[in-house]
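Student: There's a structure below that I have some questions on.
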Amino acid sequence: PQPIHNSAKAVVSTQSTGGEKNECAVLTLRNLLKDPYFSEVTIVDSDMRSWTPPEKADILVSELLGSFSDNELSPECLDGAQRLLKDDGVSIPCEYTSYLAPIMCRRVYNNILKQNPDGPSPESFHMGYVVRLKNVWVFDKVKPCFTFRHPNHAAVMDNSRHISLEFTSDIEALLHGFAGYFDAHLYKDILISIHPDTHSPDMFSWFPMFFPLKVATLVRPGERILVDFWRVVDNVKVWYEWALSEPQPQPIHNSEGSTYWIGLFS
């Protein structure tokens, strides 16, 4: 609110437009216009991927980040909205990266096992969970997974990704799955993060993701943990797939987005 309020004192006039496609959220936003802080904001009830503005923007500010950075379709939404931005325009955020680490987390894993009263559901291990991770053991250092930058100047925009990550265990313990984190550069060196090493102080807007393994796997000191992660995009949805290769191979989790996916047009 403060930058919007201060814009009234600026030598150069400014105009702020807020786009929102959720009808319930639009009502809330329009109610906020009664506040002097937001009195200069125009609310547009539309999907920004299809809206045509009267003029292009100098700055495009979005809040589309999820616990694994791109799991709320920020890349697809911002690529679609990029046409609203001037050629020399600025996107906030301008870059974000997801991270992964192998973890032992017996309590979370047991909760997944118990969530179906009729017994463990196979589908439960083919989706990601947003969890405030406590009492966990991280086998190795957190490693970067997928990075996205905006504006996206690629000749062909493709937000599909694949990475193979290798970790080394320092103890003997059960591997239950992988913790997912993110950080984001808003503008230049201004960073927000839930990465354990760079976590933004007092920020509780996001908790980590947890990607479980169908079979908890015993890992011994010095053994490699090798995992493949995919971000898959088709014409209607986006989903993640993951597969453990070492120390004990497991089938691909959430293959073809069979259980867990995010719709592009929902």
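The values are calculated or read from the model by the stated rules, or taken from the named source; none is laboratory data. Please read these numbers as outputs of a predicted model, since none were measured by experiment. For neighbour counting, all protein chains shown are included, and Cβ atoms are generated from backbone atoms with ideal geometry for every residue, glycine included. Quick note on the areas: whole protein, heavy atoms, side chains included, nothing else; ligands and nucleic acids left out. Shrake-Rupley method; radii C 1.70, N 1.55, O 1.52, S 1.80 Å.
Student: Within the range 88-103, is even one residue closer than 24 Å to Trp239 by Cα, modelled with pLDDT of 95 or more, open to solvent by 30 Å² or more (accessible area, probe 1.4 Å) and of a type in the set (Asp, Glu)?
Tutor: yes
Student: Pull out all pairs, ordered by first then second residue, where Cβ-Cβ is under 8 Å, the residues are six or more apart or on different chains, the first lies in the range 211-232 and is at positive phi, and the second is open to solvent by 10 Å² or more (accessible area, probe 1.4 Å) and in a strand (DSSP E or B).
Tutor: Sorted first by the residue in the range 211-232, then by its partner, the pairs are Gly222/Thr168.
Student: Another question, if that's okay. Does Leu73 meet the test of being buried (at least 18 other Cβ atoms within 10 Å of the Cβ), touching a His at 6+ places or on another chain (Cβ under 9 Å) and under 24 Å from Ile262 (Cα atoms)? Talk me through it step by step, then tell me what you get.
Tutor: On the way: buried (at least 18 other Cβ atoms within 10 Å of the Cβ): yes; touching a His at 6+ places or on another chain (Cβ under 9 Å): no; under 24 Å from Ile262 (Cα atoms): yes.
Judged against the criteria, Leu73 is not a match.
Student: Might you let me know whether the range 134-143 holds any residue that is within 22 Å of Val227 (Cβ to Cβ), open to solvent by 40 Å² or more (accessible area, probe 1.4 Å) and within 18 Å of the chain's Cα centre (by Cα)?
Tutor: Within the range 134-143, one or more residues are within 22 Å of Val227 (Cβ to Cβ), open to solvent by 40 Å² or more (accessible area, probe 1.4 Å) and within 18 Å of the chain's Cα centre (by Cα).
Student: Just to be sure before I move on: is Leu113 out of contact with any strand residue (DSSP E or B) (no Cβ under 9 Å at 6 or more places or on another chain), surrounded by 13 or more Cβ atoms within 10 Å (Cβ to Cβ) and outside any strand (DSSP E or B) in the structure I sent? Lay out the reasoning, then the answer.
Tutor: On the way: out of contact with any strand residue (DSSP E or B) (no Cβ under 9 Å at 6 or more places or on another chain): yes; surrounded by 13 or more Cβ atoms within 10 Å (Cβ to Cβ): yes; outside any strand (DSSP E or B): yes.
The answer is yes for Leu113.
Rundown of residues vs (1) among the hydrophobic types (A, V, I, L, M, F, W, C); (2) open to solvent by less than 50 Å² (accessible area, probe 1.4 Å); (3) part of a strand (DSSP E or B); (4) modelled with pLDDT of 95 or more, yes/no style:
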| position | (1), (2), (3), (4) |
| --- | --- |
| Asp202 | no, no, no, no |
| Gly222 | no, no, no, yes |
| Leu226 | yes, yes, yes, yes |
| Asn235 | no, no, no, no |
| Tyr240 | no, yes, yes, yes |
| Ser245 | no, yes, yes, yes |
| Tyr260 | no, yes, no, no |
| Ser266 | no, no, no, no |
